[in-house]
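To start, the structure under review is shown below, and the notes come after it.
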Amino acid sequence: YKHTHTHCQTPPLPLSLSRSLAADGCSRTVSSLLSSTFPSAHHGIITDLPLSLSLSFTMGLILHLFMGLFCTAAVVHAVGVDPALRISVFQEFSPKEFPGVKQVRGFHDDTRAFLFQGSSRSVRVPDAAAESVMQKLSGKKEFSISLTLQQDTQTTGVILSIRHRETRLLELESSGQKSEVRLHFQTTAQNAHSHTETLPFTLADGRWHRVTVSISAAQLTLYVDCNRIYERVIPVPLMEIPEDSSFWVGQRNSAHGLFKGVMQELQILVMPHGFIVQCPDLNRTCPTCNDFHSLVQKIMELQDILAKTSSKLSLAEEKMKGLDSCYCERVCVVKGTSYREDQTWIDGCNHCSCANGTVHCERVECPQLECQDGLTPTYVTGTCCRECKPVCVFSEKTLVEGQKHAVHHPSGLGCQLYECREQIMHRVPSEVCPKLSCAESDQITLTDRCCRVCKGHDFCAEDEANQKSICSENSLCVNLDSGTSCRCRSGFRPLRPDSAYCHDIDECAEGRHYCRENTACVNTAGSFMCVCRTGFIRIDDYSCTERDECASGQHGCDENALCFNTLSGHGCSCRPGYSGSGYSCSAVCDAPCLNGGSCISPMVCECPQGFTGQTCENDIDECSEALVQCDLRSTCVNLPGWYQCQCRDGYHDNGVFSANGESCTDIDECKTGLSTCANDSVCFNVDGSYECRCAHTPTHFRTQHCSGDCVHEAQIRHSGETWELERDPCTICSCQEGRVNCRRMVCVCEEPSPNLLCCPECHKHIHTHSSQCLHQNGRIIFNSGDTWIDNCQRCHCQNGHVSCSVDPSCL
């Protein structure tokens, strides 16, 4: 076999990295990239880095993590094959429906095999099945084509072909005339073109072969009969498959590249290490060249992003230096009004300030008032505390500045309105009163106006419209019979006796809440709320109960663990027969699983192929249990976990893999010098053995003879000696002048034989007809001269005597 070193073709890299790739191969290039890109991180020490290099070092750690994830994925793939990644072509459609193809028995008994024959056929995969295959394959840079085939000798044919009009997107071809395997595909080069990779190897030899062609980015590998034949660097295939492409099996198109032979288990595997489907015991590399190719591309993308980010950061740092001397003032906006930094203001009964864009308020403390004569403490609209204001005394009533008083005449026909201004009552011009819609009996007279109003008049709405309401945002205006008053909203208490200003009640601090256990009280404006503590869920507004993560499935317990609730959350405990943290549990087997077995559940071992038993302690004897059928030229030999069809004496293995011993071929003992022909006898090779014959030629017939001794079954026999074969006591052999003659034992009815298995017994009822003979089974009588065959023995009856010899047709 021919082998090449493993290389991965990657995008252009810096010179130092290219040298690293050439020297160390795929596996070390990532480390080179990291060390060259992040020089400040070495020997486990991270020096002080600017922001841009800190980002680059972080990306370096991420790339190391990528490498670990790639290897982890490879291990996972080694366990089995995801059905979503396996395309079994002969399950997508049945070729036997096409003329020139019929189903036959294949190399494996459990899957269908198809014989492709004739010089005219058209096996195009139906559109629905072809679309499914091509969708899974499109855009992939890592895939394998795997099949078992028996190609007719010296023929050339296409195994499969995916085409778009006249362009071969992907085609696998085997040429018996040139002893080549060819792979045709399109490349990802800047000027995309068709490329053909030729691998010198003969598949068209009439024998069964298991073949896998694996593509991993820029790496092509050919496996034949579980042997890695070729591994080489190729241009990265361009697997862009248009929707109207066609998929052919056993030919290139409707008229060319016809494959002749049998195909079985044709599969396309969109995954790394596709050869494990046929050869699960072969070693797998980690990462694959496709993984490495993707890593290098990602590193180059990150380097580009890093360069752009570093440039932007440098520009930002320059701008930030200029901003250090600038002061950006933050303002506070309250009820549509903007306040500058450190500015203070009074908002009702709160003293507020703006600090760094945030409003801070404290309750206003009202001072004790001592008003001078003529002034009276009174509340002024828009203020929280009382102020000393001048008053007017009118009709024995004290009125404050701006307060009005109406004087209604007893007759009800006149009214005069007065207003207190600067301690003097001034008459206000009369106004035209609106016509009321209510009956006179429902009309009421007010002290602050001349016009009457109907009962139920909305004084609050009137004050709101005239912007005269004294109730703040946390108090409500309440209509009275002849005016208004203020009432604090729920959750607030008054700051003034008239409830015009109110402040929030902290129900949590004052214990005026209804929050129950497992909750925390949180004060809100005018109310409070009960928040569930960690690990609890809400029942209603005031109570919470323990969160049941186990019942809701909101836990991370292993499927082989038990979940139990705790006060602060939940816990996990592995079930009996399993061990671990509870979040990860593995089965425990008291007796260790032997011969590579795995413990999959308590006291249950999963045995590898070839072993059985509770702990995989028993080797399966494939030979004695008739699980295999070796070729006639070999004998089955049981091995630990396996078996071998070992060539019989006279045969040797030709080196071509065959599970049933078909690779055993005859040894020419005469040419190889393995014969033991003695004296002047001549060696003649026969299938599985050889013969020693005397050299009788017309020239030497009278004068030259064999010296007499014979070699039979590795023993020297003298001329004239007779003996019974150990493996067949009914056969008598003799040596006559160097030649061994073997014949069946001569049986004489008058002389009873000590071995009734060799000679028939003379029937006592035929003594009057002494010329007749009795068959070995004792039920058939033959006359003298009759001949019959029994168990590969040709027997002849002659005057009552039976003579048997080996039938030549059985040899």
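The values are calculated or read from the model by the stated rules, or taken from the named source; none is laboratory data. Computed from a predicted model, the values in this text were never measured in an experiment. With ideal geometry, Cβ positions are generated from the backbone for all residues, glycine too; neighbour counts draw on all protein chains shown.
Residue check: residue 405 meets all listed conditions (1) surrounded by fewer than 17 Cβ atoms within 10 Å (Cβ to Cβ); (2) free of Cβ contacts under 8 Å to residues at least 60 places away in the same chain but one, namely (1). Take the conditions (1) surrounded by fewer than 20 Cβ atoms within 10 Å (Cβ to Cβ); (2) over 19 Å from residue 274 (Cα atoms); residue 158 misses just one of them, which is (1). For the range 337-347, the criterion of being under 30 Å from residue 471 (Cβ atoms) and in a loop (DSSP other than H, G, I, E, B) is met by at least one residue.
Quick check on the range 173-191. Is at least one of its residues touching a Leu at 6+ places or on another chain (Cβ under 8 Å), over 19 Å from residue 116 (Cβ atoms), aromatic (Phe, Trp, Tyr) and surrounded by 16 or more Cβ atoms within 10 Å (Cβ to Cβ)? Checked against the condition, which is being touching a Leu at 6+ places or on another chain (Cβ under 8 Å), over 19 Å from residue 116 (Cβ atoms), aromatic (Phe, Trp, Tyr) and surrounded by 16 or more Cβ atoms within 10 Å (Cβ to Cβ), the range 173-191 yields at least one hit. May I ask you to verify whether residue 661 is modelled with pLDDT under 85, surrounded by 16 or more Cβ atoms within 10 Å (Cβ to Cβ), within 60 Å of the chain's Cα centre (by Cα) and assigned to a loop (DSSP other than H, G, I, E, B)? Considered against the rule, which asks whether it is modelled with pLDDT under 85, surrounded by 16 or more Cβ atoms within 10 Å (Cβ to Cβ), within 60 Å of the chain's Cα centre (by Cα) and assigned to a loop (DSSP other than H, G, I, E, B), residue 661 comes out as yes. Meeting the requirement of 3 or more residues that are in contact with a helix residue (DSSP H, G or I) (Cβ under 8 Å, 6 or more places away or on another chain), the strands (runs of 3 or more DSSP E) wholly within the range 488-594 are 519-524, 561-566. The set of residues from the range 193-251 being outside any strand (DSSP E or B), touching a residue at least 60 places away in the same chain (Cβ under 8 Å) and over 27 Å from the mean Cα position of the chain (by Cα) comprises 207, 225, 234, 235, 244, 245, 250, 251. Restricting the range 598-619 to residues that are in a strand (DSSP E or B) and over 24 Å from the mean Cα position of the chain (by Cα) leaves a set whose member that is surrounded by the most Cβ atoms within 10 Å (Cβ to Cβ) is 605.
In the range 105-136, what residues are among the hydrophobic types (A, V, I, L, M, F, W, C) and surrounded by 14 or more Cβ atoms within 10 Å (Cβ to Cβ)? Selection gives 107, 113, 114, 115, 116, 123, 125, 129, 130, 133, 134. Quick check: is even one residue across the range 155-165 under 14 Å from residue 253 (Cα atoms) and at pLDDT below 90? Within the range 155-165, one or more residues are under 14 Å from residue 253 (Cα atoms) and at pLDDT below 90. Given the options 349, 326, name the one that is touching a Phe, Trp or Tyr at 6+ places or on another chain (Cβ under 6 Å) and modelled with pLDDT under 85. Of 349, 326, the one residue that is touching a Phe, Trp or Tyr at 6+ places or on another chain (Cβ under 6 Å) and modelled with pLDDT under 85 is 349.
A residue that is within 28 Å of residue 514 (Cβ to Cβ) and surrounded by 19 or more Cβ atoms within 10 Å (Cβ to Cβ) occurs nowhere in the range 559-572. Return the residues of the range 239-248 that are aliphatic (A, V, I, L, M), surrounded by fewer than 22 Cβ atoms within 10 Å (Cβ to Cβ) and at pLDDT 90 or above; say none if nothing qualifies. Scanning the range 239-248 gives no hits. Against the condition at pLDDT 90 or above, surrounded by 15 or more Cβ atoms within 10 Å (Cβ to Cβ) and under 30 Å from residue 714 (Cα atoms), how does residue 667 come out, does it pass? Yes: the conditions hold for residue 667.
Within the range 348-360, residues that are among the small types (Gly, Ala, Ser) reach partners that are crowded, with 18+ Cβ neighbours inside 10 Å and not in a strand (DSSP E or B) with beta carbons closer than 6 Å, at six or more positions or on different chains, in the pairs 348/384; 348/472; 348/501.
Looking only at residues in the range 274-313 that are modelled with pLDDT of 85 or more and closer than 14 Å to residue 219 by Cβ, the one that is surrounded by the most Cβ atoms within 10 Å (Cβ to Cβ) is 274.
Within the range 348-395, the set of residues being in a strand (DSSP E or B) and within 60 Å of the chain's Cα centre (by Cα) comprises 353, 354, 355, 358, 359, 360, 361.
Restricting the range 364-375 to residues that are in contact with a strand residue (DSSP E or B) (Cβ under 9 Å, 6 or more places away or on another chain) and more than 25 Å from residue 467 (Cα to Cα) leaves a set whose member that is modelled with the lowest pLDDT is 374. For the range 451-469, how many residues are crowded, with 16+ Cβ neighbours inside 10 Å and in a helix (DSSP H, G or I)? Of the residues in the range 451-469, 3 are crowded, with 16+ Cβ neighbours inside 10 Å and in a helix (DSSP H, G or I).
Residue-by-condition table, conditions (1) more than 30 Å from residue 413 (Cβ to Cβ); (2) aromatic (Phe, Trp, Tyr); (3) touching a Lys or Arg at 6+ places or on another chain (Cβ under 6 Å); (4) crowded, with 17+ Cβ neighbours inside 10 Å:
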site: 475; (1), (2), (3), (4): yes, no, no, yes
site: 478; (1), (2), (3), (4): yes, no, yes, no
site: 495; (1), (2), (3), (4): yes, no, no, yes
site: 511; (1), (2), (3), (4): yes, no, no, no
site: 517; (1), (2), (3), (4): yes, no, no, no
site: 531; (1), (2), (3), (4): yes, no, no, no
site: 553; (1), (2), (3), (4): yes, no, no, no
site: 557; (1), (2), (3), (4): yes, no, no, yes
